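Enquirer: My questions will all concern the structure given below.
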Amino acid sequence: MSKILIVAEHDGATLNPSTAKCVTCANAIAGAEITVVVAAADAKAVAAQAARLQNVTKVLTLESPANEHALAAVLAPQIASIAQAYTHVFGPSTTFGKDLMPRVAALLDTAQISDVMAVESPTRFRRPIYAGNAIVTAEVDAGTRVVATVRTASFEAAGEGGSATIEAAPVPADLPTHTRFVSVSAAKSDRPDLQTAKRVISGGRALGSAENFKILYSLADKLGAAVGASRAAVDAGYAPNDLQVGQTGKIIAPDLYIAVGISGAIQHLTGIKDARTIVAINKDPEAPIFEVADYGLVGDLFTILPELEQLLGK
Amino acid sequence: MKRILVGIKRVVDYNVRIRVKPDGSGVVTDGVKMSINPFDEIALEEAIRIKEKGGAEEIVAVTIGPQDTQQQLRTALAMGADRAILVESAAAVEPLDAAHVFLKLAEREQPFLVILGKQAIDDDNNQTGQMLAALWNRPQATFASKIELAGDKASVTREVDAGLETIEVDLPAVVTTDLRLNEPRYVKLPDIMKAKKKPLETLALSAIGVEPRQRVKAVRFEPPPQRQKGVMVKSAQELAEALKKKGLVA
């Protein structure tokens, strides 16, 4: 039987939806018994949320002042110490999980399977390589402990309605102090989170300036959409880095994705290929984005966006 | 000596269109242009900038791969590495073994900083730096967009999902690079000539005591599912109607 440990991602108060997606991935393994581990300074609120996830039987808490911020070097030995009892250890393929999980895998002397997009068996998984230009089926020997990151765009969030037991796990002494949190500068926004939004509207270099990006925000607010950006737009300083969509930014899977003035470099397309419906607005009819768009509209975005804003929304 | 170790991986060039072999045994790499992994170029550039500002005395570029990987090491030397080490392996090594190789070299070379790319653009694993930091029992600062050294500490700004996070680490430490850390310089012809005289050491895996193991088997390679090309609409009006009809917008 597979005993799966999922490392919860959270901000100290709220469980990140990436955790519920890891649960769905774990559920794809037949007969999985799922435990979620919450490492925090005060794990109560987050543990309660994790305990409600469907099919989770147990929530373990690792409570220590050292866990106030998620530092891989501090968390990894704690996760590794409880991972011995599990066949699989999963974390989300977000910057949190990408940072932490390989460190856990190395402490367990095992390989990691990165970016799992499908489960074929308890030892066999599919994952994208070469920026999504190829899919490889990767297999480990039976009896090997599997450490993996889960590509969150490939899985729906698990539902609620569970009632797992919550237990405190012992925190190892002598946690490293060589790594210290200083600060995080998060662009506070009332808009939906880019990673989990149902609708996303993204802008590219064609927007021309940070000032012009505001017309995107205006349409996004009308639609209740999150705002994203291409790498070109971020590099040009039109939008902050946490809005970047693509291979090296966020991989997203909204119901509706509207790409405005984005040509559609392969690195960008990698980040949106799981979107349900893609709309492309671009003045270049040859732009590669039109090859993947469900709806394409050739024209000047500065005329089209205000028109759309008039036509759409509540 | 104040030394920085930089990892260099030989990968299929960024601009090559990747094709999966018809029999599903891999991707086509024969006759394809090979280059330094772009994130590793950024790692090397950062090391050079640190040295230029007096923060380091020597930069050692390390690769693991077949003899041909010398080409990428020569490029690294031309860019500004002082010497290079090729750990020879005909077969690809997994991230955990690569981390073991870097651990052995870190023990030998005693660097105060190891800078690696956050991921290679072939297998997209994003593991080696973190694994090395675990095995070496040292701090890791992944996805760096800014590195500031001060004495025996470094302050590193990281690109995370929430925005930009800054952490402080004690040295020695492992840093992995993100795209916006810097823009790597172009190699000039005279530098390529000079690089030919710089030392390049070749080591067998057995000589440094690492025995690679295949833990993950690639069973099958496939091209990704293609999206169907959709329809072109003529106006904002037509687009709005189509989206409303599908229930995607109100």
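Computed from the coordinates by the stated procedures, all read-outs in this text should not be read as laboratory data. Note that this is a predicted model, so its numbers are computed, not measured. No Cβ is skipped: glycine too gets one built from the backbone with ideal geometry, and neighbour counts run over all protein chains shown.
Enquirer: Dividing the alpha-carbon radius of gyration of segment A:199-311 by 2.2 N^0.38 Å (N being the number of residues), what value is obtained?
Expert: Values: Rg = 12.2 Å, N = 113, 2.2 N^0.38 = 13.3 Å.
In units of the 2.2 N^0.38 Å rule of thumb, it is 0.92.
Enquirer: For segment A:1-94, what value does the Rg/Rh ratio take when both radii are computed over Cα atoms and Rh is the Kirkwood radius, given to two decimals?
Expert: 0.93
Enquirer: State to the nearest 20 debye the size of the charge dipole of segment A:199-311 about its Cα centre, where the only charges are +1 on K and R beta carbons and -1 on D and E beta carbons. Walk me through the numbers before you get to the answer.
Expert: Numbers: 9 positive and 13 negative charges, 46 e Å.
In debye, rounded to 20, segment A:199-311 gives about 220.
Enquirer: Let me ask you something else. What is the magnitude of the charge dipole of chain A about its Cα centre, with +1 placed on the Cβ of each Lys and Arg, -1 on the Cβ of each Asp and Glu, and no other charges, expressed in debye to the nearest 20?
Expert: Working: 26 positive and 31 negative charges, 31 e Å.
For chain A, the charge dipole is close to 140 debye.
Enquirer: Oh, and also: Helix-only estimate, please: 222 nm mean residue ellipticity of the protein assembly as shown, summing -39500 (n - 2.57) across DSSP H runs of length 4 or more and dividing by its residues, to the nearest 500. It would help to have the intermediate numbers written out before the result.
Expert: Working: 15 runs with 145 residues, N = 564.
One gets -7500 deg cm²/dmol as the mean residue ellipticity at 222 nm.
Enquirer: Based on alpha-carbon atoms only, what is the radius of gyration of chain A relative to the globular estimate 2.2 N^0.38 Å? Provide the component values of the computation, followed by the final result.
Expert: Details: Rg = 20.7 Å, N = 314, 2.2 N^0.38 = 19.6 Å.
Taking the Cα Rg and dividing by 2.2 N^0.38 Å, one obtains 1.06.
Enquirer: Can you compute the charge dipole magnitude of the protein assembly as shown about its Cα centre, using +1 on each Lys and Arg Cβ and -1 on each Asp and Glu Cβ, nothing else charged? Give it in debye, rounded to the nearest 20.
Expert: Numbers: 63 positive and 66 negative charges, 149 e Å.
Once rounded to the nearest 20, the dipole reads 720 debye.
Enquirer: For segment A:128-233, state the average projected area of the convex hull of the C-alpha atoms over all orientations, rounded to one decimal in nm². Please list the in-between numbers first.
Expert: On the way: hull surface 53.7 nm².
Computing the convex hull of the Cα atoms and averaging its projections yields 13.4 nm².
Enquirer: Name the residue from A:239, A:310, A:186 whose Cα lies farthest towards the positive end of the charge dipole of the protein assembly as shown, charges +1 on Cβ of Lys and Arg and -1 on Cβ of Asp and Glu.
Expert: Working it through, the farthest residue towards the positive pole turns out to be A:310.
Enquirer: Most fluctuating residue of A:302, A:125, A:290 in a GNM of chain A with Cα springs under 10 Å: which is it?
Expert: Per the Cα network of chain A with a 10 Å cutoff, A:302 tops the list.
Enquirer: I'd like the projected area of segment B:3-245, averaged over all directions, using the convex hull of its alpha carbons. Report it in nm² with one decimal.
Expert: Numbers: hull surface 71.6 nm².
The Cα convex hull of segment B:3-245, projected and averaged over all directions, gives 17.9 nm².
Enquirer: With the dipole of the protein assembly as shown worked out from charges on the C-beta (+1 for Lys and Arg, -1 for Asp and Glu) around the Cα centre, which of B:223, A:121, A:152 lies farthest toward the positive end?
Expert: B:223
Enquirer: Continuing with the same structure: Using the charge dipole of chain A (Lys, Arg: +1 at Cβ; Asp, Glu: -1 at Cβ; taken about the Cα centre), state which of A:17, A:260, A:31 has its Cα farthest towards the positive end.
Expert: The listed residue farthest towards the positive side: A:31.
Enquirer: Mind pulling up the Rg/Rh value for segment B:36-147? Radius of gyration and Kirkwood radius, both on Cα. Before the final figure, lay out each step's value.
Expert: Details: Rg = 13.2 Å, Rh = 14.3 Å.
Computed over Cα atoms, the ratio is 0.92.
Enquirer: Same structure, new question: Quick check: net charge around residue B:220, other residues with Cβ under 14 Å of its Cβ, Lys/Arg +1 and Asp/Glu -1? Write out the running numbers ahead of the final one.
Expert: On the way: positive: A:124, A:126, A:127, B:21, B:217; negative: A:120, A:139, B:23, B:222.
Once all neighbours under 14 Å are counted, the net charge is +1.
Enquirer: If you don't mind, another one. In percent, what relative contact order does chain B have, based on Cα pairs under 8 Å that are 6 or more apart in sequence? Intermediate values should be presented prior to the final figure.
Expert: Working: 483 pairs, mean separation 57.5, N = 250.
Taking the mean separation of contacting Cα pairs over the length of chain B, I get 23 percent.
Enquirer: Going by the alpha-carbon gyration tensor, a ≥ b ≥ c the square roots of its eigenvalues, is the protein assembly as shown rounded (a/c under 1.5) or, if a/c is not under 1.5, prolate (a/b greater than b/c) versus oblate?
Expert: On the way: a/c = 1.57, a/b = 1.20, b/c = 1.31.
Oblate.
Enquirer: A follow-up question, please. Need one number: the % of Cα-Cα pairs in segment A:3-168 sitting beyond the 19 Å mark. Each step should come with its number before you reach the end.
Expert: Numbers: 6751 of 13695 pairs.
Of all Cα-Cα distances in segment A:3-168, 49 percent exceed 19 Å.
Enquirer: Kindly flag which residue pairs out of A:198/B:246; B:9/B:33; A:198/B:118; A:98/B:33; A:198/A:222 have an alpha-carbon separation exceeding 18 Å in this structure. Intermediate values should be presented prior to the final figure.
Expert: Numbers: A:198/B:246 14 Å; B:9/B:33 14 Å; A:198/B:118 29 Å; A:98/B:33 29 Å; A:198/A:222 14 Å.
Pairs exceeding 18 Å: A:198/B:118; A:98/B:33.
Enquirer: Quick one: which of B:2/B:196; A:3/A:273; A:273/B:229 span more than 22 angstrom between C-alpha atoms?
Expert: Working: B:2/B:196 24 Å; A:3/A:273 31 Å; A:273/B:229 12 Å.
Over 22 Å apart, Cα to Cα: B:2/B:196; A:3/A:273.
Enquirer: Remind me, relative contact order of chain A in percent, using alpha carbon pairs under 8 angstrom and six or more residues apart? Kindly include the intermediate steps, with their values, before the conclusion.
Expert: Values: 707 pairs, mean separation 45.8, N = 314.
In percent, rounded to a whole number, it is 15.
Enquirer: Which ³J(HN,Hα) values, rounded to whole Hz and listed in residue order, are derived for segment A:245-259 from phi using the Karplus coefficients 6.51, -1.76 and 1.60 in 6.51 cos²θ - 1.76 cosθ + 1.60 with θ = phi - 60°, glycine and proline given as x?
Expert: 3J(HN,Hα) across segment A:245-259, in whole Hz: 10, x, 3, 9, x, 9, 9, 10, 9, x, 5, 10, 10, 10, 9.
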